[in-house]
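The values are calculated or read from the model by the stated rules, or taken from the named source; none is laboratory data. Keep in mind the model is a prediction, meaning the values are calculated, not measured. Cβ: placed from backbone, ideal geometry, glycine included. Neighbour counts: every protein chain shown.
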């Protein structure tokens, strides 16, 4: 994975974009118009750190903020047209690098890779469902104690 990361960092360094900013751009590319809380959860940063990251993206004209229509306390983040173009390019380049990597594998190795990735994704989904259920039960218990 170091090769893939190094290639991406090398391409983006000239633009002054950090790996963390790239990650946020790609999350917004796939799930545009997120709240700051949703974005911070997706990029695994505290909301204050995510806010600073978005501040830099806004200054670079890669993202924009707007107030939520239903709750004025909520700030939503979305990509600017320039940010969407750049994120699309990063996504395309990343796909090309994975495609080039896959071309170095035999058909059997590619099949094994696909099978393994599907298995890992299934486990992630199971663990996420389990964690969600535990969180929900904890919230219900807290409500009962407070209620």
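Candidates in the range 4-29 are the residues that are free of Cβ contacts under 8 Å to residues at least 24 places away in the same chain and exposed (fewer than 15 other Cβ atoms within 10 Å of the Cβ); of these, the one that is farthest from residue 87 (Cα to Cα) is 6.
Taking (1) at pLDDT 85 or above; (2) within 13 Å of the chain's Cα centre (by Cα) in turn, residue 32 satisfies each apart from (1). Scanning the range 75-116 for residues that are in a loop (DSSP other than H, G, I, E, B) and out of contact with any helix residue (DSSP H, G or I) (no Cβ under 8 Å at 6 or more places or on another chain), which turns out nearest to residue 28 (Cα to Cα)? Restricting to residues being in a loop (DSSP other than H, G, I, E, B) and out of contact with any helix residue (DSSP H, G or I) (no Cβ under 8 Å at 6 or more places or on another chain), the top hit is 80. The helices (runs of 4 or more DSSP H) found entirely in the range 1-72 that carry 3 or more residues being in contact with a helix residue (DSSP H, G or I) (Cβ under 7 Å, 6 or more places away or on another chain) and closer than 28 Å to residue 101 by Cβ are 2-13, 19-30.
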